[in-house]
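Novice: Submitted below is the structure of interest, expressed as structure tokens.
The values are calculated or read from the model by the stated rules, or taken from the named source; none is laboratory data. Remember, it's a predicted structure, so these values are computed and weren't measured experimentally. Cβ sites come from the backbone with ideal geometry, for glycine too, and all protein chains shown count toward neighbours.
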Amino acid sequence: MITVIKNGEVYAPEYLGKKDIVITGGKIHGLFSNVKIPSEIGEVNVIDAEGKYVVPGFIDSHVHILGGGGEGGFRTRTPEIQLSQIVKGGITTLVGCLGTDGVCRDMRALIGKARALEEEGVSTYTYTGSYEIPVKTITGSCKSDIMLIDKVIGTGEVAISDHRSSQPDFEEFISVIADSRVGGMLSGKAGIVNIHVGDGKKGIEFLFRMVKETEIPIKQVIPTHMGRNKELFNQGIEFAKMGGIVDFTTSTESKNSKDIRASEALKLMIDSGVSINNIQFSSDAQGSLPKFNDNGELIGLDVGSEESMFLEFRDSVLIQEVKFQDALKVITSNVADHILLNHKGRISPDMDGDIVIMDSELNITEVICKGKLMVSQGELLKKGTFEK
Ligand code: ZN
């Protein structure tokens, strides 16, 4: 099957002008001006993108695909993610992770779920471990999980500065990063460590120590939830200016006034002189979001959503007035660069055929995963195996 996307305004993420994109065998074959495919060659699916934005599929590097939460007892465990939730939000590639609960959820189940989603059509990877140090791996170490298991590209989400963290000392913490780094080097993967940063006063002090006291490159770690409060956000500016990557979570509880929303954080970071290349978004989808009333009492639980990443991208452009291609980078090419997915995150020949098409008001109309149309004219074409 050949797919041709005609006459769209292509952002790769940089603006390339009006182009036709040809996708064959799940990959981008090339970009052309007014291409003509002879009908004898086989079935050709033509998508008219006149007046629309054509962009790379979004990459979400932090998703609780097995469900998350459980911190209010077993009934507060959030459900597994379904395919439709992913593709409706324009996500074509995602990295699954475990969080607080590394007992009733484990790496075997995580990899099983990642494989299921891959069979259903999206591209999936995972980290090894959960909040805990020592990291609970499959093969005995972070290094060997990264080297021996195709799906595993790094470690995480390891928790620091959080009451739910296993409270590792600096030496224990740094040895996990060193182990993951070497595993990544030996297998041609990122070997990055995704760091869950909580509300604790120390923030990312461990990461500043890593830069100061060790030889490990600053980009070996990706701290997430960096918009959690003002103090942490300011540490993030300092860290990014040193060359580090900062990740902002797009699923946030609106009543939590301490949170800086990802779109606002992006604007503030750019205004303070941080390079756009050091910033990324992730959704934290299927993580639990506690809801509090004005007295701070727990009144319910919500679940993080995949769609939030697109909505924060949209708000970055429409409300914060961040340049379209800059806002796009934080959910496409930057993420691909940071987690070393060389075949993802850009529209250019030989990259995977992962594409999102948006109308002029920035509504998602089409989503294509490895050449397969999953959403068409805003309607879901493909659902998960057990979705109604
Ligand atoms: Zn987290």
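Novice: Could you check, for the range 42-60, whether at least one of its residues is crowded, with 16+ Cβ neighbours inside 10 Å and modelled with pLDDT under 95? Don't jump to the end; show me each part of the working.
Specialist: Residues of the range 42-60 that are crowded, with 16+ Cβ neighbours inside 10 Å, as a first pass: 47, 49, 52-60.
Keeping just the survivors that are modelled with pLDDT under 95 gives none.
The answer is no, given that none of the residues of the range 42-60 is crowded, with 16+ Cβ neighbours inside 10 Å and modelled with pLDDT under 95.
Novice: Which numbered condition in (1) within 16 Å of the ligand (Cβ to nearest atom); (2) farther than 23 Å from Leu341 by Cβ is the only one that Val95 fails?
Specialist: Condition not satisfied by Val95: (2).
Novice: For Met210, are the conditions met, namely being at pLDDT 95 or above and more than 18 Å from Ser180 (Cα to Cα)?
Specialist: Numbers: at pLDDT 95 or above: yes; more than 18 Å from Ser180 (Cα to Cα): no.
Against the criterion (at pLDDT 95 or above and more than 18 Å from Ser180 (Cα to Cα)), Met210 does not qualify.
Novice: Next up: Could you list, in sequence order, all residues of the range 70-108 that are part of a loop (DSSP other than H, G, I, E, B), in contact (Cβ under 8 Å) with a residue 60 or more places away in the chain, touching a strand residue (DSSP E or B) at 6+ places or on another chain (Cβ under 8 Å) and not hydrophobic (A, V, I, L, M, F, W, C)? Before you say what the answer is, go through the steps one by one.
Specialist: Let us first name the residues in the range 70-108 that are part of a loop (DSSP other than H, G, I, E, B), namely 70, 72, 78-82, 89-90, 97-106.
Cutting the leftovers down to in contact (Cβ under 8 Å) with a residue 60 or more places away in the chain gives us 70, 72, 78-82, 89-90, 97, 99-100.
The next check asks that each one be touching a strand residue (DSSP E or B) at 6+ places or on another chain (Cβ under 8 Å); those that pass are 70, 72, 78-79, 81, 89-90, 97, 99-100.
Result: Gly70, Gly72, Thr78, Pro79, Gly89, Gly90, Gly99, Thr100.
Novice: Select from the range 359-375 the residues that are within 22 Å of Glu118 (Cα to Cα) and either assigned to a loop (DSSP other than H, G, I, E, B) or free of Cβ contacts under 8 Å to residues at least 12 places away in the same chain (or both) and list them in ascending order.
Specialist: Lys370, Gly371
Novice: Moving on. Based on this model, can you work out whether Ser166 counts as surrounded by fewer than 19 Cβ atoms within 10 Å (Cβ to Cβ), within 16 Å of the ligand (Cβ to nearest atom) and more than 24 Å from Phe281 (Cα to Cα)?
Specialist: Numbers: surrounded by fewer than 19 Cβ atoms within 10 Å (Cβ to Cβ): yes; within 16 Å of the ligand (Cβ to nearest atom): yes; more than 24 Å from Phe281 (Cα to Cα): yes.
So Ser166 fits the description; yes.
Each row is one residue, and each column tells you yes or no for (1) among the charged types (D, E, K, R); (2) under 25 Å from the mean Cα position of the chain (by Cα); (3) away from the ligand (no atom under 16 Å from the Cβ); (4) farther than 30 Å from Lys323 by Cβ.
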| position | (1), (2), (3), (4) |
| --- | --- |
| Gly51 | no, no, yes, no |
| Gly57 | no, yes, yes, no |
| Leu66 | no, yes, no, yes |
| Pro79 | no, yes, yes, yes |
| Leu83 | no, yes, yes, yes |
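Novice: Continuing with the same structure: If I filter the range 242-255 for residues that are among the β-branched types (Val, Ile, Thr), closer than 25 Å to Ser308 by Cα, away from the ligand (no atom under 15 Å from the Cβ) and touching a helix residue (DSSP H, G or I) at 6+ places or on another chain (Cβ under 7 Å), do I get at least one hit?
Specialist: Of the residues in the range 242-255, the ones among the β-branched types (Val, Ile, Thr) are 245-246, 249-250, 252.
Right, trim to closer than 25 Å to Ser308 by Cα and you get 245-246, 249-250, 252.
Next, from what is left, pick out any that are away from the ligand (no atom under 15 Å from the Cβ): 245.
Next cut, touching a helix residue (DSSP H, G or I) at 6+ places or on another chain (Cβ under 7 Å) only: 245.
Checked the range 242-255: at least one residue is among the β-branched types (Val, Ile, Thr), closer than 25 Å to Ser308 by Cα, away from the ligand (no atom under 15 Å from the Cβ) and touching a helix residue (DSSP H, G or I) at 6+ places or on another chain (Cβ under 7 Å).
Novice: Here's another thing I want to ask about it. Within the range 224-241, can you find the residues that are within 13 Å of the ligand (Cβ to nearest atom) and modelled with pLDDT under 95?
Specialist: Arg228
Novice: Another question about this same structure. Suppose we filter the range 272-290 for residues that are within 13 Å of the ligand (Cβ to nearest atom), outside any loop (DSSP other than H, G, I, E, B) and among the polar types (S, T, N, Q); how many remain?
Specialist: 2
Novice: Identify, please: which residue in the range 130-149 is within 16 Å of the ligand (Cβ to nearest atom) and without any contact (Cβ under 8 Å) to a residue 40 or more places away in the chain and is, among those, nearest to Met309 (Cα to Cα)? Can you show your working first?
Specialist: Initially, the range 130-149 is screened for residues within 16 Å of the ligand (Cβ to nearest atom), giving 130-133, 135.
Now restrict to residues that are without any contact (Cβ under 8 Å) to a residue 40 or more places away in the chain: 130, 132.
Details: Ser130: 22, Glu132: 26 Å.
Going through the qualifying residues, I end up with Ser130.
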